[in-house]
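K.L.:
Just dropping this structure here.
The values are calculated or read from the model by the stated rules, or taken from the named source; none is laboratory data. In this text the structure is predicted, and so the values were computed from the model without any measurement. As a convention, Cβ positions derive from the backbone with ideal geometry for all residues, glycine included, and neighbour counts pool all protein chains shown.
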Amino acid sequence: MAGIGVRHLVVTTIAVALVALAAVAGLRATHKVERADARPAQPSCTSRLLDDWSDGRIDGTYPIRCYRSALRSLPADLRIYSSAPDDIAQALSRQLQARAAEHDARTLAGAARG
């Protein structure tokens, strides 16, 4: 009989430990979800650029990677039936030209300082 009592005690202890472990895991998961919900999701630069273009022109400036990403991820209907690809490509070209002009100006300024 003593063996059954010990076995019951071990099984009960393991069951209590598993329940406690599950409760802790549940609390941690809930805490992570609450923290994730506390931070609003930021739209990607591609989404911001396409939203900016939605009126048919791009008013803001974005990192060059955003223009390239927007061109790669354009939905088929925008690619086919709108001026989005051309408008975004032109805006990308302007950004590349501006970057080159800034680089040239820095290079010339450095050379002038000598």
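K.L.:
Looking at (1) surrounded by 10 or more Cβ atoms within 10 Å (Cβ to Cβ); (2) modelled with pLDDT under 90; (3) not hydrophobic (A, V, I, L, M, F, W, C), which one does Ser83 not meet, given that it meets all the others?
P.N.:
With (1) surrounded by 10 or more Cβ atoms within 10 Å (Cβ to Cβ); (2) modelled with pLDDT under 90; (3) not hydrophobic (A, V, I, L, M, F, W, C) applied to Ser83, the lone miss is (2).
K.L.:
Would you confirm, using the coordinates I've provided, whether Ala100 is small (Gly, Ala, Ser), modelled with pLDDT of 75 or more, loosely packed, with under 13 Cβ neighbours inside 10 Å and not in a helix (DSSP H, G or I)?
P.N.:
No: the conditions fail for Ala100.
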